1. Is it true that some residue in the range 121-130 is surrounded by fewer than 14 Cβ atoms within 10 Å (Cβ to Cβ) and closer than 23 Å to GLY207 by Cβ?
2. If you take the residues of the range 273-299 that are free of Cβ contacts under 8 Å to residues at least 60 places away in the same chain and crowded, with 22+ Cβ neighbours inside 10 Å, which of them is nearest to ALA94 (Cα to Cα)?
3. Please determine whether any residue of the range 104-112 is touching a strand residue (DSSP E or B) at 6+ places or on another chain (Cβ under 9 Å) and surrounded by fewer than 14 Cβ atoms within 10 Å (Cβ to Cβ).
4. LEU111 fails exactly one of the following numbered conditions: (1) aliphatic (A, V, I, L, M); (2) within 19 Å of ALA239 (Cα to Cα); (3) touching an Asp or Glu at 6+ places or on another chain (Cβ under 9 Å). What is the number of that condition?
5. Is there a residue in the range 71-94 that is among the aromatic types (Phe, Trp, Tyr), surrounded by 16 or more Cβ atoms within 10 Å (Cβ to Cβ), touching a residue at least 24 places away in the same chain (Cβ under 8 Å) and in contact with an Asp or Glu (Cβ under 7 Å, 6 or more places away or on another chain)?
6. Mind checking whether some residue in the range 196-211 is closer than 29 Å to GLY106 by Cα, polar (S, T, N, Q) and surrounded by fewer than 15 Cβ atoms within 10 Å (Cβ to Cβ)?
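Bear in mind these aren't lab numbers, they're just calculated from the coordinates by the rules spelled out. Fair warning: this is a prediction, and the values are worked out from it, not measured in the lab. Note that each Cβ is placed from the backbone with ideal geometry, even for glycine, and that neighbours are counted across all protein chains shown.
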Amino acid sequence: MTLKSPLINRRSVLMGAAATPIALTAATSAQAKAEMMGVGTTRFNRMKLGNFEVTTLLVGTRTVEGPQNIFGMNVSAEKFATASQAANLPTDKAQFFFTPTVVNTGSELVLFDTGLNPEAITGALQAAGYSPDQIDTVVITHMHGDHIGGLAGEGGVTFADARHVTGSAEMNFWSGTEGKNKAFEAKVRPNMERIEMLDDGASVASGITAMAAFGHTPGHMAYMLESEGQQLAIAADFANHYVWSLAHPDWEVKFDMDKSAAAMTRKKMLDMLAADKVPFVGYHMPWPAVGYVATHGDGYHYVPASYQLML
């Protein structure tokens with residue numbers, strides 16, 4: 001059976017052609033009225049490590065002007081610009097990220113660092129499905145303000161039911177420097193009696209081991225997680241930027257208190273992470289702050305994690 005085509009004449013074609021721009025213009029106008037939402041991201045990223053769940057928390061991010069005032073202080077502006085250009089980075093500003101981590105071992109909920117203030121860390125925890133009273137252990141990698149800011153506030157200790165742990169070298173140093181670290185004086189010193197101290201190689205919980213990573217601060221610590229034969233390092237601030245610090249471990253960083261020791265620690269940890277193909281969480285790495293280290297010529301290269309820790 002043959003179907004007759006609908007009648008299409010010159011007038012209908014012209015009318016359709018005339019109507020189309022009007023319809024498109026109306027649609028475009030409606031779309032243009034959508035509100036500009038601004039840059040956005042998630043608050044948490046949850047991964048699997050053997051029988052552990054590891055969740056990174058974004059408690060803050062900010063833009064910082066003049067990054068060479070912080071990174072690569074011992075290299076020329078030209079060298080800094082060349083390395084930045086190769087990584088598609090601007091040289092006039094940088095984006096900082098602040099990333100505590102929660103580890104659920106199955107029997108304990110362990111929080112590494114507390115961010116900038118109590119509101120930020122508790123808000124990020126709640127976004128990730130946790131409440132502050134569920135935290136069993138709070139581990140402080142070192143005593144800089146962006147790591148201890150959430151320990152306590154006007155309402156008292158943020159994680160009042162939790163055990164608190166930090167490195168003995170770190171605590172001993174800052175407790176002997178009256179007034180030189182405002183965050184320590186406000187957040188830690190009033191609560192020192194509740195904080196346990198540990199040393200290199202000590203166990204925080206089953207599958208969580210302390211690793212000395214001195215230099216950024218006198219007692220800066222990293223931690224190795226291990227479950228079902230899989231490892232991940234909570235690397236804290238051993239490297240503060242994925243290019244200007246990690247890829248160039250000899251470049252001086254303003255916030256490293258012992259710059260020579262910090263550079264030696266970076267090389268040691270980078271060698272280990274690259275050789276053993278161990279992923280790590282870097283407190284200031286680009287969100288969600290999880291990646292790998294690859295050797296790159298005589299140096300190193302940061303490789304963001306993709307789906308490896310989802311499997």
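1. Among the residues of the range 121-130, at least one is surrounded by fewer than 14 Cβ atoms within 10 Å (Cβ to Cβ) and closer than 23 Å to GLY207 by Cβ, which makes the answer yes.
2. GLY291
3. Checked against the condition, which is being touching a strand residue (DSSP E or B) at 6+ places or on another chain (Cβ under 9 Å) and surrounded by fewer than 14 Cβ atoms within 10 Å (Cβ to Cβ), the range 104-112 yields at least one hit.
4. (2)
5. Checked the range 71-94: no residue is among the aromatic types (Phe, Trp, Tyr), surrounded by 16 or more Cβ atoms within 10 Å (Cβ to Cβ), touching a residue at least 24 places away in the same chain (Cβ under 8 Å) and in contact with an Asp or Glu (Cβ under 7 Å, 6 or more places away or on another chain).
6. Checking the range 196-211: at least one residue is closer than 29 Å to GLY106 by Cα, polar (S, T, N, Q) and surrounded by fewer than 15 Cβ atoms within 10 Å (Cβ to Cβ).
Listed here are the residues, each with its yes/no results for (1) surrounded by 22 or more Cβ atoms within 10 Å (Cβ to Cβ); (2) in contact with a Lys or Arg (Cβ under 9 Å, 6 or more places away or on another chain); (3) within 20 Å of ASN240 (Cβ to Cβ).
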{"position": "GLY115", "(1), (2), (3)": "yes, no, yes"}
{"position": "GLU119", "(1), (2), (3)": "no, no, no"}
{"position": "HIS147", "(1), (2), (3)": "yes, no, yes"}
{"position": "VAL157", "(1), (2), (3)": "no, yes, no"}
